[in-house]
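Trainee: Got a structure for you, questions after.
Every read-out reported here was derived from the displayed coordinates using simple, explicitly stated rules and does not represent laboratory data. Predicted, not measured: the structure shown is a model, and the values here were computed from it. Cβ atoms come from the backbone with ideal geometry, glycine included; neighbour counts cover every protein chain shown.
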Amino acid sequence: MANEPTNGIQIDLTGQVAIVTGASRGLGRAMAVALGANGAKVACVARNAEKLAETVAAIQATGGEATSYACDVNDRESVNQVVDTVVETWEKLDILVNNAGITRDTLMAQMSDAQWDEVITTNLTGPFLFMRAAYMPMMRKRYGRIINISSVSGLVGNPGQSNYSASKAGLIGVTRTLSRELAKRKITVNAIAPGFIESDMTQDLVDKFGQTVIDEAKKRIPCQRLGVPEEVAAAVLFLASPAASYITGQILAVDGGMTG
Ligand code: NAP
């Protein structure tokens, strides 16, 4: 199988079933392609059905199997329906990657209730809904890999991101707690904290605040560059693999050394 999308990492996930949220573009798309190229059947979740179809096609082009589910992670019923359908169709759920996320950056004095609520709901409640729905199917099989995509903004503060930082720090708290609930069932729960990664999300920063935001950020990154989605996907692949069986409750920063 092609391993180009994963920067050379090859892991045998044949027969495993994965859900990746936010798989329509950016980091989530790279994660879905990496999991699919390494043998997992991938359920790709996001709101934009056309973009999801492109991710599915990219997985199929590597010889992998994938389906798309147009679903808003804030919609409780849809989330339960997606998980139920995946488990019914593919008979189990091994890997859940909670990647969908948004920013609504502004200083707190200007932050509206809606900006606060939207970010907390999408970035924290959405993952909760998926983890709760995945809990029993994973318990029944006594196997699972849950990977929550947090952020360095959940580890250290970032002006203008109080809503986003709170959601990502909250996700770290949920990760640590759930890892303790599930460890004896051979289900691991970990988080990844990406730094600055090239995607629409970082492009939005440039559009809003100008290129200097990125230039200033690079000065704080020991690797002196932004990461690419495939570098985060490689970390997801490892944590999703059977090889990562003794790693749980951990937060892996993929940030070019920024928080090192
Ligand atoms: P992105 O390019 O903006 O993509 C976000 C993804 O989330 C899209 O696939 C989007 O799909 C999906 N999404 C957003 N709201 C959704 C909703 N309500 N329901 C379902 N799907 C939804 O962002 P990205 O840079 O790839 O970021 C992916 C994750 O990494 C996020 O959790 C982000 O916080 C985290 N992260 C990114 C960076 C970075 O530098 N890029 C750094 C740290 C952490 P639709 O629009 O089709 O729904």
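Trainee: Can you say whether THR103 is of a type in the set (Val, Ile, Thr), under 26 Å from GLU230 (Cβ atoms), part of a helix (DSSP H, G or I) and within 14 Å of the ligand (Cβ to nearest atom), as far as the supplied structure shows?
Mentor: When the stated conditions are applied, THR103 does not pass them.
Trainee: Next up: Of everything in region 167-197, what is away from the ligand (no atom under 14 Å from the Cβ), among the charged types (D, E, K, R) and at negative phi? Give them in sequence order.
Mentor: Those that are away from the ligand (no atom under 14 Å from the Cβ), among the charged types (D, E, K, R) and at negative phi: ARG176, ARG180, GLU181, LYS184, ARG185.
Trainee: Working carefully through the options ALA235, ALA244, find the one that is within 18 Å of the chain's Cα centre (by Cα), within 16 Å of the ligand (Cβ to nearest atom) and closer than 30 Å to ASP94 by Cβ.
Mentor: None of the other options fit; the residue is ALA235.
Trainee: While we're on this one: Among the numbered criteria (1) within 20 Å of LEU239 (Cα to Cα); (2) within 14 Å of the chain's Cα centre (by Cα); (3) not charged (D, E, K, R), which one does ALA134 miss?
Mentor: Of everything listed in (1) within 20 Å of LEU239 (Cα to Cα); (2) within 14 Å of the chain's Cα centre (by Cα); (3) not charged (D, E, K, R), ALA134 misses just condition (2).
Trainee: If you check SER179, SER167, which single one turns out to be part of a helix (DSSP H, G or I) and in contact with a Leu (Cβ under 7 Å, 6 or more places away or on another chain)?
Mentor: SER167
Trainee: Determine if region 135-153 includes at least one residue that is assigned to a loop (DSSP other than H, G, I, E, B) and more than 20 Å from GLY22 (Cβ to Cβ).
Mentor: Scanning region 135-153, I find at least one residue that is assigned to a loop (DSSP other than H, G, I, E, B) and more than 20 Å from GLY22 (Cβ to Cβ), so the answer is yes.
Trainee: Follow-up question, since we're still on this one. Please specify each residue of region 113-124 satisfying the condition of being within 14 Å of the chain's Cα centre (by Cα) and polar (S, T, N, Q).
Mentor: The answer is THR122, ASN123.
Trainee: Of the residues ASP200, ASP255, which single one is on the phi < 0 side of the Ramachandran plot, within 11 Å of the ligand (Cβ to nearest atom), touching a residue at least 12 places away in the same chain (Cβ under 8 Å) and exposed (fewer than 15 other Cβ atoms within 10 Å of the Cβ)?
Mentor: From the options ASP200, ASP255, the qualifying one is ASP200.
Trainee: Among all residue pairs at least 6 apart or on different chains, which show Cβ distances below 8 Å where the first residue, located in region 120-132, is over 13 Å from VAL82 (Cα atoms) and within 9 Å of the ligand (Cβ to nearest atom) and the second is in a helix (DSSP H, G or I) and among the polar types (S, T, N, Q)?
Mentor: Cβ pairs passing all conditions: THR122/SER167; ASN123/SER167.
Trainee: Quick check: is even one residue across region 70-85 within 10 Å of the ligand (Cβ to nearest atom) and part of a strand (DSSP E or B)?
Mentor: Yes, region 70-85 has at least one match.
Quick grid of which residues meet (1) in a strand (DSSP E or B); (2) of a type outside the set (Val, Ile, Thr); (3) away from the ligand (no atom under 16 Å from the Cβ):
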site	(1), (2), (3)
ILE11	no, no, yes
THR14	no, no, yes
ALA23	no, yes, no
MET31	no, yes, no
ALA43	yes, yes, no
GLN60	no, yes, yes
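Trainee: Could you list all residues from region 204-227 that are under 17 Å from GLY256 (Cα atoms) and either in a loop (DSSP other than H, G, I, E, B) or of a type in the set (Lys, Arg) (or both)?
Mentor: Correct list: LYS218, LYS219, ARG220, ILE221, PRO222, CYS223, GLN224, ARG225, LEU226.
Trainee: Cβ-Cβ distance below 6 Å, separation of 6 or more or different chains: which pairs start in region 71-91 with a residue that is closer than 14 Å to CYS44 by Cβ and end on one that is aromatic (Phe, Trp, Tyr)?
Mentor: VAL82/TYR69
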